[in-house]
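The values are calculated or read from the model by the stated rules, or taken from the named source; none is laboratory data. These figures come from a predicted structure and were not determined experimentally. Cβ placement follows ideal geometry from the backbone for every residue including glycine, while neighbour counts extend to all protein chains displayed. What goes into the accessible areas is simple: the full protein's heavy atoms, side chains included, and nothing from ligands, DNA or RNA. Shrake-Rupley method; radii C 1.70, N 1.55, O 1.52, S 1.80 Å.
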Amino acid sequence: MSRTYTIIADHREGTLRQVTLEALQAAQIASLEGDRITAIIMGTQLESLAEELAAYPLSDIHLIEHDSLQHYNAEAYLSALFGVFDTVRPDAVFIGHTAVGRDLAPAIAARLHAGQMSDVTSIERSGAKIMFTRPLHAGKAFEKKVFADFPWVVTVRPNNIPAAQASGGQQAQVVRTTYSPTPSLRSVVKDVVLKTSGKVDLTEAKIVVSGGRGVKSADGFKPLEELAEVLNGAVGASRGACDAGYCDYALQIGQTGKVVTPEIYIACGISGAIQHLAGMSQSRIIIAINKDPEAPIIKTADYSIVGDLFQVVPLLTQEFRNVLK
Amino acid sequence: MKVYVILKQTFDTEEKIVIANGRVLEEGVKFIINPYDEYAVEKAIRIREQSGGQVVVISVGPKRSSESLRTALAMGADEAVLISDDRVSQDEYVVSSVLAAYFADKTYDLILGGHFSIDNGAGQVAVRLAELLQIPHVSSVIKLELPGGNANVTRDAEGDLEVLQVSLPALFTAQQGLNEPRYPSLPGIMKAKKKPFQQLTLDDLTIAAEALEPKTSQIELFLPPAREAGQILQGELPEQAAKLVELLRTQSKVI
């Protein structure tokens, strides 16, 4: 029996997020010959996003364009989405485990009376069986799970499943859907404060430069920001640094906070409490910069420099600048 | 204002995970209120302190969860409800269905929960519950004010902020930064012992059999591979910095 796998595209500042292509790859792994993979994009000014996505192996792309969808609002997005679901009839839905996806997916699952797996890091198919791997205790353990039946919903953790490749073949068909918002919305977006504009998203960053209590102050993050900028990476923080008020909780990495899996994680002045390690120990390469040679982070790191971060970080920034220019 | 807080008991963040016979060992583990749920408990108590009403904390989980509910009572919640039954699986579809069955005959202004639990980390139950109860929800809330029958909430969207106005009743999940939860006081702990504490099983709820059938099942549980021992660089700091960049280029090939 032919199935329909639907990905919901996540985009930011007018471009597709990488995780959208990772979700597409997940859908490709799950699907069999003869299955359909469709995409849905919601928001405003979607033309260029649709063009971008049309290069990938999709049977069709549904655009739901409306001013009321410019900013994420669960109620509006759900009502727009289920309008399209009437025609798409998805057996499975894939979406990134992002600010939008983690909020939207459980609501979709509830409305479809479906099971959901959140924050999936890998997917395999063996015969009829589709298996999903996901972290428990923020990555201190992992579980492999299967669904009892269709339909189902999956959120994909950024930076784990390889991105789908453009097909170069036939372009996907773009279907425009009109959406009339219901006047009876109980939640209204009043304001959006963009604090991350132009910055690399922490969960999708290939390189993360992270600061702990050793950074000592909000100003102490400046050298870390410079290093991150040279590396086109993002800045993160330990709980200690956030609790001390050096930075925003949005930067916190750990069992409370975000889990990141970049190519390179540079921990500056972070001792490496278990709760922090849970949030970053699946990074490919871990670098520790710490004054204390006994700090637990040094036992987890691939490379460590024992020294004052305020000396080491600017030296690294200079070295990378020389190499990358 | 009647505020319900859905709460889960979790492993302390400092606990290591040990797996034996296909399950995570709980022996000797320290349990806490899931940290995100703790912000929700604190918020609920502050709302009652400001404008009166009642705070009920509710958990679906094993018997040991009653300790965390007691802690919430000691913080200042008025009543606790524990739904504990071996027939309830951990599957989020099932847990949210059980909660929805509990809420079916209740009236409430607000339901608060945590953004996600730090053990399972799925972040599904609260949002699913809002859908099942057909009330609006906003997740990952760092600010919540309640002027005249509405809620003004600020949501953390991966560092960006979204400000929404939502009519009540509604469900919100708490994100870090919402508040600083209080510690239970000694008088609070004493008072908690006398507060109403309801213990329920499925027999006390009206719930369809299919709502108890899990939609997902675990087939394997494992620890991540241990990381190989790393290298502590030597020499003067400028040399070490140069060496590190070279290693990243030649050995790890990531730059």
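Multiplying the sequence separation of A:Glu294 and A:Ser197 by 0.36 nm and subtracting their Cα-Cα distance, what value in nm do you get?
31.1 nm
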Checklist entry - Which aspartates and glutamates have a Cα lying under 15 Å from the Cα of B:Lys43, excluding residues fewer than 8 positions away in the same chain? => result B:Asp78, B:Asp109, B:Glu145, B:Glu180
Item to check | In Hz, Karplus ³J(HN,Hα) per residue of region B:76-88 (6.51, -1.76, 1.60; θ = phi - 60°; x = Gly, Pro) | outcome: x, 5, 8, 9, 10, 9, 10, 9, 10, 7, 4, 6, 8
Checklist entry - Could you sort A:Phe94, A:Phe150 by accessible area so the largest value comes first, with the probe set to 1.4 Å? => result A:Phe150, A:Phe94
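Please compute the contact order of region A:1-119 in relative form: average sequence separation of alpha-carbon pairs under 8 Å and at least six residues apart, divided by the residue count, as a percent.
So the answer I get is 30 percent.
Can you tell me the convex hull volume per residue for region B:106-160, based on C-alpha atoms, in Å³ to the nearest whole number?
Working: hull volume 5.4 nm³, N = 55.
It comes to 97 Å³ per residue, whole-number rounded.
Carbon-plus-sulfur fraction of the accessible area of region A:122-217, 1.4 Å probe, in percent?
Working: 2390 of 4560 Å².
Whole-percent figure for carbon plus sulfur exposure: 52.
Cα-Cα over 23 Å: which of A:Lys144/A:Lys206; B:Lys63/B:Lys191; B:Lys2/B:Lys191; B:Lys30/B:Lys63?
Numbers: A:Lys144/A:Lys206 25 Å; B:Lys63/B:Lys191 21 Å; B:Lys2/B:Lys191 20 Å; B:Lys30/B:Lys63 15 Å.
Beyond 23 Å: A:Lys144/A:Lys206.
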Checklist entry - On average over all directions, what projected area in square nanometres does region B:20-111 have, based on the convex hull of its Cα atoms? => result 7.1
Checklist outcome for this item: Here, A:Asp149 and B:Met190, labelled 7 Å along Cα→Cβ, have an inter-label distance in nm of 5.7
Checklist entry - So what is the relative contact order for region A:148-290, in percent, with contacts set as C-alpha pairs under 8 Å and at least six apart? => result 21
Checklist entry - What's the center-to-center distance, using Cα atoms, between region A:292-310 and region B:57-95 in Å? => result 41
Checklist entry - On the first, second and third principal axes, largest extent first, how far apart are the outermost C-alpha atoms of chain B in Å? => result 67, 46, 39
Checklist entry - From the Cα gyration tensor of region A:262-325, with a ≥ b ≥ c the square roots of its eigenvalues, which class applies: rounded if a/c is under 1.5, or else prolate if a/b is larger than b/c, or else oblate? => result oblate
Checklist entry - Residue by residue, what Karplus-based ³J(HN,Hα) values in Hz, rounded to whole numbers, does region A:3-9 have, using 6.51, -1.76 and 1.60 with θ = phi - 60° and x for Gly and Pro? => result 10, 10, 9, 10, 9, 9, 6
Checklist outcome for this item: The rounded separation in angstrom of the Cα centers of region A:150-201 and region A:204-276 is 27
Checklist entry - Which value does Rg/Rh take for the protein assembly as shown over its C-alpha atoms, Rh per Kirkwood? => result 0.96
Checklist outcome for this item: Residue by residue through region A:25-38, the couplings from Karplus 6.51 cos²θ - 1.76 cosθ + 1.60 with θ = phi - 60°, in Hz, x for Gly and Pro, are 4, 4, 5, 5, 5, 6, 7, 10, 3, x, 6, 9, 10, 10
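Would region A:117-171 count as rounded, prolate or oblate if I go by the C-alpha gyration tensor, calling it rounded below 1.5 in a/c and otherwise prolate when a/b exceeds b/c, oblate otherwise?
Details: a/c = 2.35, a/b = 1.41, b/c = 1.66.
Verdict is oblate for region A:117-171.
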Next on the checklist: Using a probe radius of 1.4 Å on heavy atoms only, what accessible surface per residue do you get for chain A? Whole Å² is fine.
Outcome noted: 38
Checklist entry - Taking a ≥ b ≥ c as the square roots of the eigenvalues of the Cα gyration tensor of chain A, is the shape rounded (a/c under 1.5), prolate (a/b larger than b/c) or oblate? => result prolate
Checklist outcome for this item: Sorted by chain and then number, the residues having a modelled amide H within less than 5 Å of the amide H of A:Val175, at least 5 places away or on another chain, are A:Ile61, A:His62, A:Leu63
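As a test of reading the structure, rank A:Asp103, A:Asp302 by solvent-accessible area (1.4 Å probe, protein chains only), most first. Write down the numbers at each step before the final one.
Numbers: A:Asp103 5, A:Asp302 35 Å².
Sorted descending by solvent-accessible area, the residues read A:Asp302, A:Asp103.
How large, in percent, is the carbon and sulfur part of the accessible surface of chain B at a probe radius of 1.4 Å? Before the final figure, lay out each step's value.
Values: 5560 of 11350 Å².
Its accessible area is 49 percent carbon and sulfur atoms.
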Checklist outcome for this item: The long-range amide H neighbours of A:Ile285, using H built 1.01 Å from N in the peptide plane and a cut-off of under 5 Å, are A:Ile264, A:Tyr265
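Hey, which of these cross-link pairs are over 22 Å Cα-Cα: B:Lys106/B:Lys195; B:Lys16/B:Lys195; A:Lys222/B:Lys143?
B:Lys16/B:Lys195; A:Lys222/B:Lys143
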Checklist entry - Can you list the residues, at least 5 places off or on another chain, whose amide H is less than 5 Å from the amide H of B:Ser139, using H built in the peptide plane? => result B:Thr173
Checklist entry - Among the residues of region B:110-130, which ones have their accessible area go down by 10 Å² or more when all the protein chains sit together, as opposed to their chain alone (1.4 Å probe)? => result B:His115, B:Phe116, B:Ile118, B:Asp119, B:Asn120, B:Gly121, B:Ala122, B:Gly123, B:Gln124, B:Val127, B:Arg128
